[in-house]
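Read through the structure below, which is laid out as structure tokens, and then see the notes.
The values are calculated or read from the model by the stated rules, or taken from the named source; none is laboratory data. Just so you know, these numbers come straight off a predicted model, no measurement behind them. Protein only, heavy atoms only, side chains kept; ligands, DNA and RNA dropped before computing areas. Shrake-Rupley method; radii C 1.70, N 1.55, O 1.52, S 1.80 Å.
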Amino acid sequence: MNTQKICSFYISEFHLLTILLPYINEKIIEKRKIAVILQKDISENVENYLKNVRNINLDNEKIINIGWKESKRRNIDDLKGKDVVVVGDKEYIENINNELENFEVKEILNCYKVNEIERIDMILSGHSKVLNTEGTRDVTKFSQNAQKRKTIKTQI
């Protein structure tokens, strides 16, 4: 199985949830199975976010039931055929991705905190898409040349 790898970059946990929860909700609507692997427990932040943000339509119960606690022990076999979201520092994400290489997961979304990485370009080169608040986009659309052309066109 050819696993699609997506990356995302966030500034704070609130920003992460603003990016991540609509994506997960979309997967729920598509009836896809999702697993979240976390370096630290963010369950309280997820519950607070869902309680306080009302301008987006999310399936709160299903999102909460995914499991947002720190993933100390995981059964990789339970991840087969699922879309997997990995949140943690660069080393943690790399270790999880190495574990997942031999298993049939459909999609891996790696979420990196911006201030914990040195070279975004190196991370982008290992992924086919980027997820942000607007949804997923091909990595090539985030290249410097594409952004320069877009900026120049808006100034003409």
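Numerical summary
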quantity	calculated
³J(HN,Hα), Karplus 6.51/-1.76/1.60, whole Hz, each residue of region 101-109, x for Gly, Pro	4, 8, 10, 8, 9, 6, 8, 10, 10
Rounded to 10°, Cα long-axis angle of helix 43-52 versus longest principal axis of the chain	70
Degrees separating the helix 144-155 axis from the principal Cα axis of the chain, which is the longest one	60
Surface share of carbon and sulfur [accessible, 1.4 angstrom probe, percent] for region 1-77	45
Å² per residue, accessible surface of the chain at 1.4 Å	64
5 angstrom amide H check on Val86, placed H, neighbours 5+ away	Ile37, Leu109, Asn110, Cys111
In Hz, Karplus ³J(HN,Hα) per residue of region 11-26 (6.51, -1.76, 1.60; θ = phi - 60°; x = Gly, Pro)	9, 9, 5, 4, 4, 4, 5, 5, 7, 6, 5, x, 4, 5, 4, 4
Shape category assigned to region 1-143 from the gyration tensor of Cα positions, a/c cut at 1.5	rounded
Under 5 Å, built H, 5+ apart or other chain: amide partners of Asn132	Arg137
